[in-house]
Amino acid sequence: MTQVLGRLRRQSIIPINLLITVGVILLILVLFPLLAGPFQTNFMAKLLLFGVLAVSLDLVWGFTGILSFAHGVFFTLGGYAMAYYLKLNLSASANTYGGTLPDFMVWNGLKELPWFIAPLQIFPIAMAAMVLVPAGFAYIIGWFIFRSKVSGVYITIITLAISSALTTFFVSQQAYTGGTNGITDVSKLSLFGLEIPFLGLYYIILAFTVFVMATAWWLTQSNFGLILRSIKENEKRISYLGYDVASYKIFIWTLSAGIAGIAGGLFVPLNRFISPVYLAVAFGTQVVIWVAVGGRGTLLGPFIAAILLGQVQNYADRVTQDWQLFVGVLLLVVVLFLPDGLMGLVPKKFRLSDATRLMGIVGTNPTSGFVQPRLFDWYTPLRSLVTTLTGFVSSGLRSPRPTQDEADRMLVGKPNANSVRRKL
C-alpha cells in the first residue's frame, strides 16, 4: 500500500505542460488590451466575467452534481447592489431631473430614497452587499433545499422556479428596480475619489478571474474537493460514512453564489447597466450550456467555453439573428459525441481535472478506509506545487529531482509527511 501511495504522490505532480499552457493564456490576456481595440477589450472583460460565472456553476454542478439554473440570479443580485451605488453617486447635473433621486424613481412618483436602498450610497456597504446579498439568499434557499434532502431533478425545478419568480418580481417593482429597463446610465467606478480608467477596470477583472481560478483549483484539489466529487458519485455512501452531506452542499452552493455576485458587481461598471434579463431562465440556461460544452468538473473547460461561445455569438450575430441555432447545434454535438465536453479533446497531460483526481488521492490516509476531510487543506496542493517547482528548477540545472521527503521538509521541516498529515 505504501508503495502504491508513493507512486501516486509522484504522479500527482502538476504537469509542466499544464503550467506552461496556463502561463501562455495568462500572458495573452495581460497583453490583450495592448493588441486589441477598446471594443474588443471591453468585450473580453465581459467574457472573463462570464467565464468566472461558469466556473462558479462548475463547482456546484461539475464537482457536486447539483444542476442549477439560478446562477444568473446570483449574478444579477450582485449587479444590482453595485448598480444602486453607482446610480446614487451620479452627480446631480448628470441626472435626468437634476436631483439626487434616480430617474426611474422620479418617474414612478417616489419622493425620497427607500430605507433599504439608502445604505448602498456608501461604497463599503455596497461592496459587502455585492457578496452578501447573493450569498445570503443562496444560503437561505440552500438550507431549506439540502436540509430537506431534496435532490436530483427537483433541485433543478426549484432553481427554475426561483429564476422565473424573481424575474417577474423585479419587473413588477419598477419604482425600485427600474422595471424591464433595469438600472442604466450609472456613473463610472471610482476609489478614494479617483475614477478608475477603463484599462484599470480590465485588469481588476483579470486579477479577480485569476484569483477565482486559483482558489477553485486549490479547493477542488483539497480533500474537501474529493468529498464533493464523492457526493456527486454516491451521496448515500458518503452519508453512511458519517459526513454531513447537507453542510458540504450548502457551503459550496453559498460560495459559488458569492463568486457569481462579485462577477455581477464588476459587470455593472463595465457595461454601465443591469437589468432583469440576467435573472431570466434564458440566461441561466446559457450558463449551463457553457459548463456542459466546456466539460463538467474541469474548471478550465467552462471558462474557455464561455469565452469561445461568446465570440461565436458576437460574430454570428452580425450574420443572422438566429445565432442561437449555432449554439444549439454545438450543444447537440457535444451531448451526443463528447460527453466530457470540449476538454475531452484535450490530451490528458494538459487537463487540470486529471491532476485534480490524482491529488485528491494523495490526501488519503493509508490506515483508514476513507478520506478524512479538511475544509482548509492547504498542505496537499502546496506540497505538490513546491515539488513541481523544485523539480522544474532541478531539471533545468541538470540535477536530480528532490525526493518526496525533501519536498515535505521544505514545507514543514519534518521528513515524515504522514505524521504531519495526522496532526493537521
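Coordinate-derived values only; no laboratory data. It should be emphasised that the depicted structure is a prediction, and the values quoted were computed from it without experimental measurement. As a convention, Cβ positions derive from the backbone with ideal geometry for all residues, glycine included, and neighbour counts pool all protein chains shown.
Using only Cα atoms, locate the centre of region 246-274 and the centre of region 153-205, then give the distance between them in Å, rounded to an integer.
Spelled out, the Cα-based centre of one part sits 11 Å from the other.
Can you give the extra length, in nm with one decimal, that the chain gains between Val30 and Lys111 once fully stretched, where that is 0.36 nm per residue apart less the Cα-Cα distance?
Computed gain between Val30 and Lys111 is 24.5 nm.
Would you please give the residues with an amide H less than 5 Å from that of Ser190, counting only those at least 5 places away or on a separate chain, with H modeled from the backbone geometry?
The answer is Ile196.
Any idea how far apart Leu191 and Leu101 come out in nm if each label point goes 7 Å out from Cα toward Cβ?
It works out to 3.4 nm between the two label points.
May I ask you to order 39-52, 323-336 by the average number of other C-beta atoms within 10 Å around their residues, highest value first?
In decreasing order of mean packing, 39-52, 323-336 become 39-52, 323-336.
What is the magnitude of the charge dipole of region 36-346 about its Cα centre, with +1 placed on the Cβ of each Lys and Arg, -1 on the Cβ of each Asp and Glu, and no other charges, expressed in debye to the nearest 20?
So the magnitude is around 420 debye.
How do the peptides 225-234, 159-168, 256-265 rank, highest first, by the average count of neighbouring beta carbon atoms within 10 Å per residue?
256-265, 225-234, 159-168
Using θ = phi - 60° and the Karplus relation 6.51 cos²θ - 1.76 cosθ + 1.60, list the HN-Hα couplings for region 320-334 in order, rounded to whole Hz, with x at every Gly or Pro.
Each residue's phi maps through the Karplus curve to give 8, 7, 8, 5, 4, 4, 5, 5, x, 5, 5, 4, 5, 5, 5 Hz.
Let's test this: bin the Cα-Cα distances of region 215-343 at 10 Å from zero up to the farthest pair and state each bin's percent.
With 10 Å bins starting at 0, P(r) equals 11, 32, 35, 18, 5, 0.
Using the 2.2 N^0.38 Å rule of thumb for compact globular proteins, work out how region 36-346 stacks up: its C-alpha Rg over that value, please. Don't skip to the answer; put the middle values down first.
Details: Rg = 19.8 Å, N = 311, 2.2 N^0.38 = 19.5 Å.
Compactness ratio reported: 1.02.
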